[in-house]
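Okay, structure first, notes after.
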Amino acid sequence: VESLQNFVIFNEYLGEEVTPNLNKLINNNSLYFDKYYSTIGKGNTVDAEFTTFNSLYPDIEREAYTLYEENTFYGLPWLLRDEGYKTAAFHGYKGEFWNRENAYPGQGIEEFYSMEDLDQSDIIGMGISDISVYNQSVEIMKEYEEPFFGFIITLTNHHPYLLPEELTTIDLLEEHEETKFGNYLQTVKYTDYAIGEFIEELKEAGLYEDSIIVFYGDHHGLNYKMDNNDIIVSEYLDKPYDYDEMLNIPLIIHIPDSGITETISTTGGCVDFLPTIANLMNLQIP
């Protein structure tokens, strides 16, 4: 989930939940890691992907998908392919961005649907809206006959966090209007709404019950050194908004009918994603 920070989870703005749908998931058959941290190099979102797939650290020199396009990997997509899973990725932006279309074959992604391959009738900001990308992804995934790994990258909650006015749903205080913080809350609220719609679409498509559904934030959205965020967010949280708080992202592993609902406060990050999912799925990592 683009730029999703942990501080919005279970938080309210003027008595209104910012992430009601994610909160509902966390409270219902989910493992929620609340001390999970972003791991990126030069590549932001794409380095978070690289680290999530492979449990390897990225590089500060350049994005991993460009530096290591020709390298051989054996991360989560490959592990699942060897178990008979189809692997696909979906993103509402250009396929060439961050060199994804060239790097994905080496990462084990068989099919990549970028904005060039999708319906572009609903554009917000940089690309296709989260609601549209989720909807189109479900329409594609429900046609898969074999088990599959679907990797969906959201986009609407991307800097500078600008929504069409008719889609904003939070009544901001005057001091938060036209601030990065205020705009960020609006797009987070939209993204959370899209996630609620996504879950319902999975249920309608018959894909919900037999899936592990995972959401993670890729990196920070509000830099604590910019746009007076250190002051504004500290006042909102009633505690210091510092570097650690900025890099704290959520990881939510939702397993329908598992009967397990737990918040885990072990410190970790994107490098821990692969072994955690592999353990849950009884996959052996050589």
Computed over region 183-265: relative contact order in percent, which uses C-alpha pairs under 8 Å that are six or more apart: 34 percent
Proximal lysines to Lys239, defined as alpha-carbon separation beneath 26 angstrom and excluding residues fewer than eight positions away on the same chain: Lys24, Lys35, Lys180, Lys189, Lys225
Descending principal axes extents, region 103-144, alpha-carbon based, whole Å: 30, 24, 14
Coarse-grained scattering of region 115-270 at q = 0.14, 0.19 Å⁻¹, given as base-10 log I(q)/I(0) from a Debye sum over alpha-carbon atoms: -0.85, -1.30
All Cα pairs of region 163-203, percent lying beyond 15 Å: 45 percent
Neighbourhood net charge (13 Å Cβ-Cβ; Lys/Arg +1, Asp/Glu -1) for Ile255: -4
5 angstrom amide H check on Thr19, placed H, neighbours 5+ away: Phe10, Asn11
Radius 9 Å from Cβ of Leu155, net charge of other residues (Lys, Arg +1; Asp, Glu -1): -2
Protection-proxy order for peptides 6-13, 224-231, each taking the mean of Cβ atoms within 10 Å per residue, highest first: 6-13, 224-231
Per residue accessible area of the chain, 1.4 Å probe, in Å²: 47 Å²
Relative contact order (%) - criterion: Cα under 8 Å, at least six apart; region: region 3-96: 15 percent
Semi-axis lengths, Å, region 1-150, gyration tensor of Cα atoms, sqrt of 5 times eigenvalues: 26, 20, 18
(1) 67, 49, 40; (2) 54, 44, 39; (3) 81, 46, 32, with the label sought being that of the calculated Cα extents along the principal axes in Å: (2)
Gaussian network model of the chain, Cα within-10 Å springs - most flexible of Gln120, Gln107, Gln186: Gln120
Percent accessible area from carbon and sulfur atoms, the chain, protein chains only, probe 1.4 Å: 45 percent
Computed over the chain: relative contact order in percent, which uses C-alpha pairs under 8 Å that are six or more apart: 33 percent
Peptide ranges 206-212, 188-194 listed from the most packed, as the mean C-beta count within 10 angstrom indicates: 188-194, 206-212
Highest average packing first - 179-185, 237-243, Cβ atoms within 10 Å: 179-185, 237-243
Convex hull volume per residue in cubic angstrom - Cα atoms of region 128-173: 98 Å³
In Hz, Karplus ³J(HN,Hα) per residue of region 75-91 (6.51, -1.76, 1.60; θ = phi - 60°; x = Gly, Pro): x, 4, x, 5, 4, 6, 4, 5, 9, x, 8, 7, 10, 8, 10, 9, 8
Placed amide H near Ala89: partners under 5 Å, 5+ positions off or other chain: Glu111, Phe112, Tyr113, Phe151
Sites Ile212 and Glu177, calculated FRET efficiency, Cβ-Cβ separation with R0 25 Å, nearest 0.05: 0.05
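The values are calculated or read from the model by the stated rules, or taken from the named source; none is laboratory data. Just so it is clear, the structure is predicted and the values come from calculations on it, not from any experiment. Please note: Cβ atoms are built from the backbone with ideal geometry, for glycine as well, and neighbour counts cover all protein chains shown. To get the accessible areas, we keep the full protein, side chains included, count just its heavy atoms, and leave off ligands, DNA and RNA. Shrake-Rupley method; radii C 1.70, N 1.55, O 1.52, S 1.80 Å.
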